[in-house]
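Take a look at the structure below.
The values are calculated or read from the model by the stated rules, or taken from the named source; none is laboratory data. Note that the structure is a prediction, hence the values are computed from the model and not measured. Quick reminder, even Gly has a Cβ in these numbers, built from the backbone with ideal geometry, and neighbours come from all protein chains shown.
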Amino acid sequence: MNQRFIRVQRESFDTGKEVQLLADQRTDIGAVVSFTGYVRDFNEKPEVTALTLEHYPGMTEQALEQIALEAEKRWELKGLRILHRIGRMEPGDPIVLVVTASAHRQDAFDACNFIMDFLKTRAPFWKKEHTTSGDYWVSSRTSDAQAAARWENN
Amino acid sequence: MNQLTHLNAQGEARMVDVSDKKITQRTATACASVTMQANTLNMIVEGGHPKGDVLATARIAGIMAAKRTPELIPLCHPLMLSKVEVELQPDAQLPGIRIHATCKLAGQTGVEMEALTAASVAALTVYDMCKAVDKRMVIGNTYVEEKTGGKSGDWTYASLKSDTQQQAGLQINFFAELREQLGVDNLSLELDDFSGSTLGDLLTHLKSQKQQWHNHLSSPNLLMAVNQQMAKPSQTLKEGDEVAFFPPVTGG
């Protein structure tokens, strides 16, 4: 049984609960890996007081579906959950969650890593940071593009 | 054609019987905005406002209003809301306040009227608290952004096309920093409005509109999508396509 759950939401989430939702009542899962991304209080500028996440409704969900499908093709997954928040958040708030489940750990580890790398370069989300010295749009990083590129030949 | 469920066979108003509807987890998010003078916005953000903390007051007003919805809207069912969240964001581009209200419950009927009421009353409260310093405020853009659960399923405002959009040639959206730089969220164009028929031809046309547009649309990192799929300039456009231009993505 493979369970796929993808959601873009304004509300916060609880990583522990989401992991449980995936693994509960299942005896075929041997490994669950989760990644949670949080809002930092420093980035390109120090003293980030808040962050606003904009997205392209409709395309975002499709892009996440495609990334999930690609991960399921590459690895033997028993389930996955992707949650991404939009709207205004403050330092310490969770932004993104990827949970992968498989029979053996390597599939779950690699798939989780892969999904995050592609989410960062393919899914239409944009961050605007609010700092004590003004608001600015976060620029994309070449390190993220490189991280996604390393999967191309594998 | 969708029927108006609040009318009976005789065309009289009625409250819809939802007894047999399944109980499902439902959420709705509505938005509204209050456009104001830049100085008024600064006062709110810096907390120098004569009536005190505008955003905190408006947030509470929105939450209280959601709970009063059935008393205001005649055919609306009283609901046991399980959550109301009202978010107010100062936006220097408007300039003004953007409001998002989310209501949630497990029940037999939707919560969009509660979300709309919360957003509307939060907007009215912002107006009330600022009217002494700004008489040119405009409340607007009140609509349901997103709904989940229930018979009509999950949808977002952007995913539903209006009748006019379905007829229009091309719907063009801009996002994030590019949206702010161009000063426009979206526009409609006919395929005959520009020469050529590819995405690249459309981009050339947009660039020729203003010098400023030329500069912002010439970024080598500009991304494009057609019908919500990443696309290249060589892609041919057809009637009804949804086109989008945006900067590199920065989620996660």
Out of the residues in segment B:173-190 that are touching a strand residue (DSSP E or B) at 6+ places or on another chain (Cβ under 7 Å) and surrounded by fewer than 17 Cβ atoms within 10 Å (Cβ to Cβ), state the one that is farthest from A:Ala123 (Cα to Cα). B:Ser188
Could you run through segment B:210-237 and say how many residues are surrounded by 12 or more Cβ atoms within 10 Å (Cβ to Cβ), of a type outside the set (A, V, I, L, M, F, W, C) and in a loop (DSSP other than H, G, I, E, B)? 6
Among (1) within 14 Å of B:Gln25 (Cα to Cα); (2) surrounded by fewer than 20 Cβ atoms within 10 Å (Cβ to Cβ); (3) under 18 Å from the mean Cα position of the chain (by Cα) - the single one B:Val111 does not satisfy: (2)
Among the residues of segment A:1-20, which ones are crowded, with 16+ Cβ neighbours inside 10 Å and away from chain B (no Cβ under 14 Å)? A:Glu18, A:Val19
Which ones in segment A:142-154 are assigned to a loop (DSSP other than H, G, I, E, B) and among the polar types (S, T, N, Q)? A:Asn153, A:Asn154
Confirm whether A:Asp117 is part of a helix (DSSP H, G or I), within 10 Å of chain B (Cβ to nearest Cβ) and of a type outside the set (S, T, N, Q). yes
Could you check segment A:18-44 and list, in sequence order, the residues that are in a loop (DSSP other than H, G, I, E, B) and either in contact (Cβ under 8 Å) with a residue 12 or more places away in the chain or within 15 Å of the chain's Cα centre (by Cα) (or both)? A:Arg26, A:Asp28, A:Ile29, A:Gly30, A:Val39, A:Arg40, A:Asp41, A:Asn43, A:Glu44
Of the residues in segment A:72-82, those that are away from chain B (no Cβ under 14 Å) and part of a strand (DSSP E or B) come to A:Gly79, A:Leu80, A:Arg81
Subset of segment A:83-114 (residues that are β-branched (Val, Ile, Thr), within 21 Å of A:Val19 (Cβ to Cβ) and within 12 Å of chain B (Cβ to nearest Cβ)): A:Ile95, A:Val96, A:Val98
Can you pull out the residues in segment A:45-71 that are assigned to a helix (DSSP H, G or I), at the interface with chain B (Cβ under 10 Å from one of its Cβ atoms) and of a type in the set (Val, Ile, Thr)? A:Thr60
Flag for B:Phe175 being more than 24 Å from B:Ala119 (Cα to Cα) and within 14 Å of another protein chain (Cβ to nearest Cβ): no
Tell me, yes or no, whether segment A:124-141 has at least one residue that is of a type in the set (Lys, Arg), assigned to a helix (DSSP H, G or I) and under 22 Å from B:Phe174 (Cα atoms). no
Sort through B:Thr27, B:Thr40 and tell me the only one that's surrounded by 12 or more Cβ atoms within 10 Å (Cβ to Cβ) and within 30 Å of A:Gln9 (Cβ to Cβ). B:Thr27
Would you check which residues across segment A:104-138 are touching a helix residue (DSSP H, G or I) at 6+ places or on another chain (Cβ under 9 Å) and among the polar types (S, T, N, Q) and list them? A:Asn113, A:Thr121
Out of the residues in segment B:124-159 meeting the condition of being within 11 Å of chain A (Cβ to nearest Cβ) and more than 24 Å from B:Leu223 (Cβ to Cβ), tell me which one is modelled with the highest pLDDT. B:Thr148
Any residue in segment B:218-233 that's free of Cβ contacts under 8 Å to residues at least 12 places away in the same chain: show its pairings with residues that are assigned to a strand (DSSP E or B) at Cβ separation under 7 Å, as long as the two are six or more apart or on different chains. B:Met230/B:Leu223
From the residues in segment A:1-17 that are assigned to a loop (DSSP other than H, G, I, E, B) and polar (S, T, N, Q), which one is modelled with the lowest pLDDT? A:Asn2
Could you tell me which residue of segment B:85-96 is farthest from B:Lys151 (Cα to Cα), considering only residues that are within 12 Å of chain A (Cβ to nearest Cβ) and buried (at least 21 other Cβ atoms within 10 Å of the Cβ)? B:Leu88
Look at A:Gln20 and say whether it is closer than 30 Å to B:Glu242 by Cα, at pLDDT below 95 and not aromatic (Phe, Trp, Tyr). no
